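A short worksheet on the structure shown next.
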Amino acid sequence: MKRFTRFALLWFAVCFALAPLWAQEAPKKAPGPAPSPHEAVLEQWNDVGRKLIAMAQDFPEDKFSFKPQAESRTFVANMVHASASMYFFTDTAAGKKPRYADDPKDVSVKTRAELVAFVKKCVEDGAAEIKAKGDKGLMEAVNDGGPHLDRLYDLAYGLIEHSGEHYGQLVVYYRMNGLVPPESRPKK
């Protein structure tokens, strides 16, 4: 019995001494290079677009006309505004006048399929323009109607932020309806 106790104590001591080695992870690979400016913009553009598309695919169609206050936009109107405003970048970058007004009344979206298609198209068109412009093109100065010229890079980030702000508003629409937004759900 003494021999077993000594062996057990010795085994425990060895395991205790080796525990830090076992706890260490395998050496991590060095991080890759930083993304180029247009790659970084594209990543953020697509990320906010992915969130809006997920909401368009998910929010109950029978609640599309929901709005938290009488003076607020409906869910669909808010989604259309957030998505259509992306053309303020896309069309300006292409040398065109933005195709939609700030509050586009001419966009008729009644079904989930129409909403999803519209949001996807807005995101995809902007992503294609960012890719086409590349790093050099995003440094172009453009007149976007403001008091001074802006770089396309800054205009893109302004629209990314704008869409992100509306994403935050739409989270409230979810919560007020007792729903959990797609981004807030546990990951599988």
Go through the stretch 33-86 and report how many residues are in contact with a Ser or Thr (Cβ under 8 Å, 6 or more places away or on another chain), small (Gly, Ala, Ser) and free of Cβ contacts under 8 Å to residues at least 12 places away in the same chain. 1
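Among ALA26, ALA8, which is out of contact with any Ser or Thr (no Cβ under 8 Å at 6 or more places or on another chain), assigned to a loop (DSSP other than H, G, I, E, B) and modelled with pLDDT under 85?
Working: ALA8 fails: assigned to a loop (DSSP other than H, G, I, E, B).
Just a single option satisfies the conditions, and that option is ALA26.
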If you check every pair at least six apart or on different chains, which have Cβ atoms under 7 Å apart with a residue in the stretch 120-146 that is farther than 17 Å from LYS96 by Cβ and in contact (Cβ under 8 Å) with a residue 24 or more places away in the chain first and a residue that is of a type in the set (Gly, Ala, Ser) and not in a helix (DSSP H, G or I) second? ASP135/SER36
Extreme residue, modelled with the lowest pLDDT, among residues of the stretch 164-188 that are more than 12 Å from LEU52 (Cβ to Cβ) and not in a loop (DSSP other than H, G, I, E, B): SER184
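The values are calculated or read from the model by the stated rules, or taken from the named source; none is laboratory data. If you're wondering where the values come from, they're calculated on a predicted model, not measured in any experiment. No Cβ is skipped: glycine too gets one built from the backbone with ideal geometry, and neighbour counts run over all protein chains shown.
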